[in-house]
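K.L.:
So that we are looking at the same thing, I have put the structure below in structure tokens.
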């Protein structure tokens, strides 16, 4: 399972790098052509816009998987373990419901825009909205996997999702003290 997750993670990162690289190439080339040769590539802005949307949606999946989205858990940190479990479960259920709505809305928008095409490239606008389906579907799977691990495997590592700079310093100091005491014992 971890091998599959690693491969999907690597594939998403590769697609993001390709999107970002193509965006930079298209925009830079178009700027040079406009200022130096008084011409341009008509479709480059449109394709760059599509690539940017894809990049954002795919990046959101990776950030969600790694718990890198912004979060405030100062209240949760003060709760006892049972309270943390309840809040974690409720927040994930709310996220699941929200993502189901996003999935449904993105799917409907994809179907509505299949016949609408962009003016410069002729690409269907469905290519933008289908990434909402992909993103919400992937996030739903991630939440279900995390809830499964939490409920059945008793994985408590997800209860507190952020670590502030103070906690990082405290952990480093505790590890230094631990290392020094182990060194003295030897």
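Where a number appears in this text, it was derived from the coordinates with a stated rule and is not lab data. Because the structure is predicted, anything quoted here is derived from the model rather than measured.
K.L.:
For the stretch 16-87, compute Rh as the Kirkwood radius over C-alpha pairs and then the Stokes-Einstein diffusion coefficient at 37 °C and 0.692 mPa s; write the answer in µm²/s, rounded to an integer.
P.N.:
Approximately 213 µm²/s, per Stokes-Einstein.
K.L.:
Additional query: Could you give the semi-axes, largest first, of the ellipsoid that matches the stretch 50-106, computed as the square roots of 5 times the alpha carbon gyration tensor eigenvalues and rounded to whole Å?
P.N.:
Taking √(5λ) for each Cα gyration eigenvalue gives 28, 15, 7 Å.
K.L.:
If you project the alpha carbons of the stretch 46-140 onto the principal axes, what extent comes out on each, in Å, largest first?
P.N.:
The principal-axis extents, from largest down, are 57, 23, 16 Å.
K.L.:
Please work out how much length the chain gains when fully extended from residue 29 to residue 115, using 0.36 nm per residue of separation minus the C-alpha to C-alpha distance, in nm with one decimal.
P.N.:
Using 0.36 nm per residue and subtracting the Cα-Cα distance, I get 28.0 nm.
K.L.:
Can I ask one more? Using just the C-alpha positions of the stretch 2-165 as equal point scatterers, what log10 of I(q)/I(0) does the Debye formula give at each q in 0.17 1/Å?
P.N.:
The calculated log intensity ratios at q = 0.17 Å⁻¹ are -1.08.
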